[in-house]
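Worksheet for the structure shown next.
The values are calculated or read from the model by the stated rules, or taken from the named source; none is laboratory data. The structure displayed is predicted, hence computed values, not measured ones. When we count neighbours, we look across all protein chains shown, and the Cβ atoms used for this are built from the backbone with ideal geometry, even at glycine. All accessible areas refer to the heavy atoms of the entire protein, side chains included, with ligands and DNA or RNA removed. Shrake-Rupley method; radii C 1.70, N 1.55, O 1.52, S 1.80 Å.
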Amino acid sequence: MNRIKRLWLCIALALMTGIVGCNIFNPTDSVHIKSNDADALTYEGYIYFRKGEYTMARAYFERALAADSAASEAWYGLAKSVLNQQKLNVFEMLKYTKTKGGQSGFMSMDDSTATHYKDGIDSVLKVLDPFIVRDTTGQTDKKVTFKTISASYTILHLTKAALILRIFSKDLTKMFIASLDPPIIDIDWAAMKDLGKEALEVFSTLGDVGRAVAADPSIATDIMRSYVPEAALFSDSGLTVATETMASYVINASETVEKSSDGFAGYISMADLIDNDGDGCIDEEIADGYDNDGDGLIDEDMRNNKLMVLETDFLKHKIGQVQSVNSSETYDVIDIDMNGIPADEPERTFYIKNSNDRDVVGNYMFEAFTGNFFWSKSEFALTDVMKLVKEDTDINNIKYNLAWRKAYVGGCWNNYNEETFLKWFEGRN
């Protein structure tokens, strides 16, 4: 209870109180403020803000930013003014995370309230997002920073994700998957298959959550206890590790999806035990943000996240670095590279064993995809050829036979015979 009280107090200070360092301003008569005096304009903005005159406050903050776009306290005041104009209540957002009848309050929220919150959050984020870009690229005066607003920013984005998922009868609080050893908070990406273009917005939103968590992990752990029911199982230290690791993971996921449609397909089809990218390999990648098989694609055909063993010694390693990859009962019978040996050690053993050395060299491939393993070289780009194969799914009308795939793709296709080639079509549309 004390933890939640501290969290609410922090948010209240971030969203409801006056400006940081307001003693740098001198009282002034607004009639005589010069249009290029950002400090005075900001001061006047906060006078109106404290009076509850949010439209006037917003106008002054906007004038201050027109005079000096680096004025972080004006950005801060503008965001708070928009928040209040939209009649948003951060405390109520947290209340909706409480579970009743097996689901969170977001699921029983009426449509008009959901629309009000979604539209209001989007309006506030239109102010906060450019401020964060400026802050993280050294374009503000640093009187207020991303860390100052990270708690409220995290809540806004998690609530936004919950409201998008609600449209499709999906509960955000049930999409987080927690495990204790090692402490991990994972996400059920496959549950987003039916979201269409809205899934991309959820990926982006969760990526912003990750960046906010990374800005201030201490406050983020308390917030995660609200949105992730299973977080109650973690100790404080375990939740800190799980939350920071999750932040790295969702940032990587959002960036991968933003760069490529293959990345999006990779996440929503994670651990489906089929070749999703046309290279003949089955779940050959892991969600680490790198190319693990040398085919030129990243995180496009991934195995179960729970198989990754992450580094935990953060004095020697970065958060999110993968130490090793385990097998499981499911993958013990899967032949990832189709060489006839299921659960082959090289399929899950990094060519470069130490994660720091991998970063230095820039090689994140598994042993199975090195040495005598090779991709074909032709006048066509490998990724373009793989796309043709990926779309050739009708066993009754095969366009690219096994010989063609071996000649123009190579890689895992070199390990196929006619029997395994025909099995490749099973489970496809």
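Would you work out if region 376-429 is rounded, prolate or oblate? Take a ≥ b ≥ c from the square roots of the eigenvalues of the alpha-carbon gyration tensor; rounded if a/c is under 1.5, else prolate when a/b is larger than b/c, oblate otherwise.
Details: a/c = 2.16, a/b = 1.41, b/c = 1.54.
Verdict is oblate for region 376-429.
Could you tell me which trypsin sites (Lys or Arg not before Pro) in region 331-429 are loop residues by DSSP with no more than 14 other beta carbons within 10 angstrom of their beta carbon? Please report the intermediate quantities before stating the final value.
Details: sites: ARG348, LYS353, ARG358, LYS377, LYS387, LYS390, LYS399, ARG405, LYS406, LYS423, ARG428; in loops: ARG348, LYS353, LYS377, LYS399, ARG428.
Qualifying residues, ordered by number: LYS353, LYS377, LYS399, ARG428.
Taking a ≥ b ≥ c as the square roots of the Cα gyration tensor eigenvalues, with a/c under 1.5 meaning rounded and otherwise prolate when a/b beats b/c, else oblate, which class fits region 339-429? Walk me through the intermediate numbers first.
Working: a/c = 2.42, a/b = 1.75, b/c = 1.38.
Prolate is the answer for region 339-429, as a/c is 1.5 or above and a/b outweighs b/c.
Out of region 139-211, which trypsin sites (Lys or Arg not before Pro) are coil in DSSP terms and have no more than 12 other C-beta atoms within 10 Å?
Values: sites: LYS142, LYS143, LYS147, LYS160, ARG166, LYS170, LYS174, LYS193, LYS197, ARG211; in loops: LYS142, LYS143, LYS170, LYS197.
Sites meeting the loop and neighbour criteria: LYS142, LYS197.
Could you tell me the distance between the Cα centroids of region 189-268 and region 307-371, to the nearest Å?
So the two Cα centres are separated by 22 Å.
Compute the Rg/Rh shape ratio of region 87-152: radius of gyration over Kirkwood radius, all on alpha-carbon atoms. Show your work: numbers first, answer last.
Values: Rg = 15.4 Å, Rh = 13.9 Å.
My calculation puts Rg/Rh at 1.11.
In nm, what is the difference between 0.36 nm times the number of residues separating THR393 and VAL133 and their Cα-Cα distance? Before the final figure, lay out the partial values.
Details: separation 260, 0.36 × 260 = 93.60 nm, distance 4.31 nm.
Extending this stretch completely gives an extra 89.3 nm.
Between ASN276, ALA343, VAL360, whose Cα lies farthest towards the positive end of the dipole of the chain when Lys and Arg beta carbons carry +1 and Asp and Glu beta carbons carry -1, centred on the Cα centre?
Going by the charge dipole, the pick is VAL360.
Would you mind getting the accessible area per residue of the chain, heavy atoms of the protein chains only, 1.4 Å probe, in Å²?
So the chain comes to 46 Å² accessible per residue, rounded to a whole number.
Helix-only estimate, please: 222 nm mean residue ellipticity of the chain, summing -39500 (n - 2.57) across DSSP H runs of length 4 or more and dividing by its residues, to the nearest 500.
Details: 17 runs with 208 residues, N = 429.
Calculated from helices alone, the mean residue ellipticity at 222 nm is -15000 deg cm²/dmol.
At 1.4 Å probe size, with no ligands or nucleic acids counted, give the accessible surface of ASP39 in Å², nearest ten.
Counting only protein heavy atoms, the figure is 70 Å².
Relative contact order, percent, of the chain when contacts are C-alpha pairs under 8 Å separated by at least 6 residues? Intermediate results must be reported in sequence, preceding the final value.
On the way: 661 pairs, mean separation 40.8, N = 429.
RCO, the chain: 10 percent.
Could I get the Rg over Rh figure for region 297-389? Both from C-alpha atoms, Rh via Kirkwood, rounded to two places. Spell out each step's value before the answer.
Numbers: Rg = 15.1 Å, Rh = 15.1 Å.
Reported Rg/Rh (Cα atoms, Kirkwood Rh): 1.00.
Output the relative contact order of region 36-99, whole-number percent, from Cα pairs under 8 angstrom with separation of 6+ residues. Before the final figure, lay out each step's value.
Numbers: 66 pairs, mean separation 20.6, N = 64.
Computed over region 36-99, the figure is 32 percent.
Can you list the residues, at least 5 places off or on another chain, whose amide H is less than 5 Å from the amide H of ILE177, using H built in the peptide plane?
Counting only residues 5 or more places away or on other chains, the set is ASP186, ILE187, ASP188.
Can you give me the angle between helix 38-50 and the longest principal axis of the chain, using Cα atoms only, in degrees from 0 to 90, rounded to the nearest 10?
For 38-50 against the chain, the angle is about 80 degrees.
At what distance in nm do the modelled label points of ALA190 and ASN89 sit from each other, each positioned 7 Å from its Cα along Cα→Cβ?
According to this spin-label approximation, the distance is 4.0 nm.
Going through the cross-link list LYS318/LYS390; LYS126/LYS387; LYS387/LYS423; LYS259/LYS318; LYS118/LYS147, which pairs have a Cα-Cα distance over 28 Å in this structure? Intermediate values should be presented prior to the final figure.
Values: LYS318/LYS390 35 Å; LYS126/LYS387 37 Å; LYS387/LYS423 19 Å; LYS259/LYS318 23 Å; LYS118/LYS147 23 Å.
Distance filter (> 28 Å) returns LYS318/LYS390; LYS126/LYS387.
Test of the criteria: in region 63-126, which trypsin sites (Lys or Arg not before Pro) are in a DSSP loop and have at most 14 other Cβ atoms within 10 angstrom of their Cβ?
On the way: sites: ARG63, LYS80, LYS87, LYS95, LYS98, LYS100, LYS118, LYS126; in loops: LYS87, LYS98.
Those that pass, being in a loop and sparsely packed, are LYS87, LYS98.
Between beta-carbons, use under 11 Å as the cut-off and find the net charge around TYR54, counting Lys and Arg +1, Asp and Glu -1.
On the way: positive: ARG50, LYS51, ARG58, LYS80, LYS87; negative: GLU53.
Neighbourhood net charge equals +4.
How much length is gained on full extension from ASN354 to SER112, taking 0.36 nm per residue of separation minus their Cα-Cα distance? Mind showing how you got there, number by number?
Working: separation 242, 0.36 × 242 = 87.12 nm, distance 5.27 nm.
Once the chain is fully extended between ASN354 and SER112, it gains 81.9 nm.
For the chain, which whole-number percentage of the solvent-accessible area (1.4 Å probe, protein heavy atoms only) is attributable to carbon and sulfur atoms? If you can, show how the numbers build up before the last one.
On the way: 10090 of 19710 Å².
The C+S portion of the solvent-accessible surface of the chain is 51 percent.
Given an 8 Å cut-off on Cα distances and at least 6 residues of separation, report the relative contact order of region 226-324 as a percent. It would help to have the intermediate numbers written out before the result.
Details: 131 pairs, mean separation 22.2, N = 99.
So the answer I get is 22 percent.
Hey, of (1) 146; (2) 158; (3) 175, which did the structure itself give for volume of the Cα convex hull per residue in Å³ when calculated?
Computing volume of the Cα convex hull per residue in Å³ and matching it to (1) 146; (2) 158; (3) 175 gives (3).
Using 0.36 nm per residue of separation minus the Cα-Cα distance, give me the extension gain between PHE425 and THR383 in nm, one decimal. The partial results should precede the final answer.
Working: separation 42, 0.36 × 42 = 15.12 nm, distance 1.97 nm.
Full-extension gain reported as 13.2 nm.
Arranged from highest to lowest average of other beta-carbon atoms within 10 Å per residue, in what order do the peptides 273-281, 321-329, 251-259 appear? Mind dumping the intermediate values first?
On the way: 273-281: 22.8, 321-329: 15.7, 251-259: 19.9.
Per-residue mean Cβ counts within 10 Å order the peptides as 273-281, 251-259, 321-329.
Calculate the spin-label point distance for LYS142 paired with ASP181, positioning each point 7 Å from the Cα along the beta-carbon direction, and give it in nanometres.
4.4 nm
Residues with amide H under 5 Å of SER324's amide H, sequence separation 5 or more or different chain, H placed in the peptide plane at 1.01 Å from N; which?
VAL309
HN-Hα J couplings of region 224-230 from phi, Karplus 6.51/-1.76/1.60, θ = phi - 60°, integer Hz, Gly and Pro as x?
Values per residue, Gly and Pro as x: 5, 5, 6, 8, 10, x, 5 Hz.
Once R0 is set to 60 Å, what does the formula 1/(1 + (r/R0)^6) return for the Cβ-Cβ distance between ASN36 and ASN401, expressed as a FRET efficiency to the nearest 0.05?
Values: r = 72 Å, r/R0 = 1.19.
Approximately 0.25, to the nearest 0.05.
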